[in-house]
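Notes to accompany the following structure.
The values are calculated or read from the model by the stated rules, or taken from the named source; none is laboratory data. Bear in mind that the values here come from a model prediction, so they are computed numbers and not experimental data. Please note: Cβ atoms are built from the backbone with ideal geometry, for glycine as well, and neighbour counts cover all protein chains shown.
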Amino acid sequence: MSLLMNHNDQRFIEIAQMVFQEQFKRDPQLESEMSERRKRLMYDDVVYNINFLMTSVYFSDVKIFEGYAKWIYELLCNIMKDLDRDRIMVQMTDHYRILDEILNSKGPGFLTEDEIKKATDYLEAAIQVTQKAVTDITLSTTFSEGDYYNVRKAFLDALLTNQTRKAHDVVEEARQEGIPLTDIYEKVLAKSMHEVGELWHRNIITVDKEHYATSVTQSVMSSFYDEIFESPRKTKVLLSCAVGSELHEMGIRMLSDLFEYKGWDTYYLGAALPEPSVLKSIGENKPDLVALSVTMAPYLAVCENIVKAIQENYPAVKIAVGGQAFVNTTELWKQWGVDFYSSNAGELAQWAEENI
Ligand code: B12
């Protein structure tokens, strides 16, 4: 084993430099991602990587390099918080492939044939470990507990690894297997998006990944529209929106979809609807039920004003409120005299079936 632990060996340095340069040549994106400081650290890492690989080969023990691959991946994810886990995975797996090519191109003499073969196998093992590590994240108990965990995890994993088609397929298959639409919305999509928020909050995923997850989830919801609008009609009308400057509208959109699915005609007015527009739309569309959603606590006061205005101007219209802002209140909705509150959309749909 000629290269074992000998940093100063000219051949060792040559390999490290070749790998480093080749990686920048093949992946122009690296230039914008790596500051000069990061480049220096990256070169040091290349040297470490080769050293760990050679140690693993020396002892014919793949676990040494596998363990290191997982360790270095998590370290880089912690250091480069501006990059997504799957992007760092690509950097590392590219690196392992380039190292493999260069070691093989050197041919026997530098390493023995047997050593080259082992290095190739161990680099492949490191690639597998690194790919798996992208979604190997500690998840919250709320996400991990309850029905359909496997579907939910497969959906979340697809979002975290930028697999749009896979995300659609996971949900489509779940529907075909007979999971009710309400459960797909509440227990797969909503719970996955709550977890996406947790991962963002814990600084494990970046904002762009969170936006991507949102847009994919919205497109998955749209894929049910044929089914939703085919339901036999009832002569009942729902008007729904998120109020104040509230941009979180996926929850109230889910709620509207579930009502449409149950045969209601729905006027879903989206995010950040001001009070005069809510009142005007009630006058025009004459809903039986108005559903108001608040996610961020600062918009609770706006919601309260809108509730009062509806009660004053349209006393016959039923009012429901919901959304995450209410979860951390001492049952605030009870002081407003609304007809219904729930922490989830399905319960309101059920209540409305029985009471309106
Ligand atoms: C996607 C998202 C966004 C998107 C929203 C896009 C969109 N089209 O909706 C964008 C990028 C705009 C966004 C912005 C922000 N966000 Co944001 N966002 C999220 C995220 C990840 C998912 C939201 C979501 O769609 N959830 C899925 C839906 C289905 O769930 P839901 O809303 O809870 O709805 C369910 C129930 O609550 C219920 N329900 C909802 N409404 C109603 C109404 C009635 C009547 C009833 C009965 C039931 C009901 O039914 C639904 C189904 O069960 C959440 C994480 C989370 N915990 O949800 C953070 C989260 C809500 N965001 C957060 C923050 C901090 C922000 C920003 C301030 C970030 C920033 N620094 O700019 C801004 C604020 C923007 C604003 N003014 O509103 C925090 C809020 C923290 C807090 N304590 O308030 C969260 C919790 C992330 C986190 N873990 O820290 N966000």
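Quick look at the values:
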{"item": "Sole exception among (1) part of a helix (DSSP H, G or I); (2) on the phi > 0 side of the Ramachandran plot for A69, by number", "result": "(2)"}
{"item": "K106 vs. criteria basic (K, R) and surrounded by fewer than 19 Cβ atoms within 10 Å (Cβ to Cβ)", "result": "yes"}
{"item": "D44 vs. criteria under 29 Å from D157 (Cα atoms), in a helix (DSSP H, G or I) and of a type in the set (D, E, K, R)", "result": "no"}
{"item": "In the stretch 117-149, residue nearest to E186 (Cα to Cα) [restricted to those that are out of contact with any helix residue (DSSP H, G or I) (no Cβ under 9 Å at 6 or more places or on another chain) and not in a loop (DSSP other than H, G, I, E, B)]", "result": "T141"}
{"item": "Checking R97 against (1) under 16 Å from A133 (Cβ atoms); (2) free of Cβ contacts under 8 Å to residues at least 40 places away in the same chain, the condition it does not meet", "result": "(1)"}
{"item": "Restricting the stretch 156-189 to residues that are within 12 Å of the ligand (Cβ to nearest atom) and more than 11 Å from the chain's Cα centre (by Cα), the residue that is surrounded by the fewest Cβ atoms within 10 Å (Cβ to Cβ)", "result": "D183"}
{"item": "Test set (1) within 27 Å of the chain's Cα centre (by Cα); (2) not in a helix (DSSP H, G or I) - E331 fails condition number", "result": "(1)"}
{"item": "Residues that are free of Cβ contacts under 8 Å to residues at least 60 places away in the same chain and either at positive phi or crowded, with 20+ Cβ neighbours inside 10 Å (or both), drawn from the stretch 79-92", "result": "I88, M89, M92"}
{"item": "Selection from the stretch 304-321 of residues that are without any contact (Cβ under 8 Å) to a residue 40 or more places away in the chain, aliphatic (A, V, I, L, M) and assigned to a helix (DSSP H, G or I)", "result": "V307, A309, I310"}
{"item": "Answer from Q350, Q335, Q324 - the residue that is within 13 Å of the ligand (Cβ to nearest atom) and without any contact (Cβ under 8 Å) to a residue 12 or more places away in the chain", "result": "Q350"}
{"item": "The listed residue being modelled with pLDDT of 95 or more, among the acidic types (D, E) and farther than 22 Å from S343 by Cα, out of E230, E173, E249", "result": "E173"}
{"item": "Search result, residues across the stretch 1-39 that are assigned to a loop (DSSP other than H, G, I, E, B) and modelled with pLDDT of 95 or more", "result": "D27"}
{"item": "Matching entry among S215, S256 (being modelled with pLDDT of 95 or more, polar (S, T, N, Q), surrounded by fewer than 22 Cβ atoms within 10 Å (Cβ to Cβ) and not assigned by TED's automatic domain parsing to the domain that holds I79)", "result": "S215"}
{"item": "Filter result for the condition that a residue is of a type outside the set (A, V, I, L, M, F, W, C), outside any helix (DSSP H, G or I) and out of contact with any Pro (no Cβ under 8 Å at 6 or more places or on another chain), over D100, D86, D82, D94", "result": "D82"}
{"item": "When residues of the stretch 311-321 are limited to those that are of a type in the set (A, V, I, L, M, F, W, C) and more than 13 Å from the ligand (Cβ to nearest atom), the one nearest to the chain's Cα centre (by Cα)", "result": "V317"}
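This table checks each residue for (1) part of a helix (DSSP H, G or I); (2) of a type in the set (A, V, I, L, M).
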{"site": "A154", "(1), (2)": "yes, yes"}
{"site": "D157", "(1), (2)": "yes, no"}
{"site": "N162", "(1), (2)": "no, no"}
{"site": "A174", "(1), (2)": "yes, yes"}
{"site": "V188", "(1), (2)": "yes, yes"}
{"site": "E195", "(1), (2)": "yes, no"}
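Quick grid of which residues meet (1) surrounded by fewer than 16 Cβ atoms within 10 Å (Cβ to Cβ); (2) modelled with pLDDT of 95 or more; (3) touching a helix residue (DSSP H, G or I) at 6+ places or on another chain (Cβ under 8 Å):
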site	(1), (2), (3)
V278	no, yes, yes
S281	no, yes, no
V290	no, yes, yes
Y299	no, yes, yes
V307	no, yes, yes
Q311	yes, yes, no
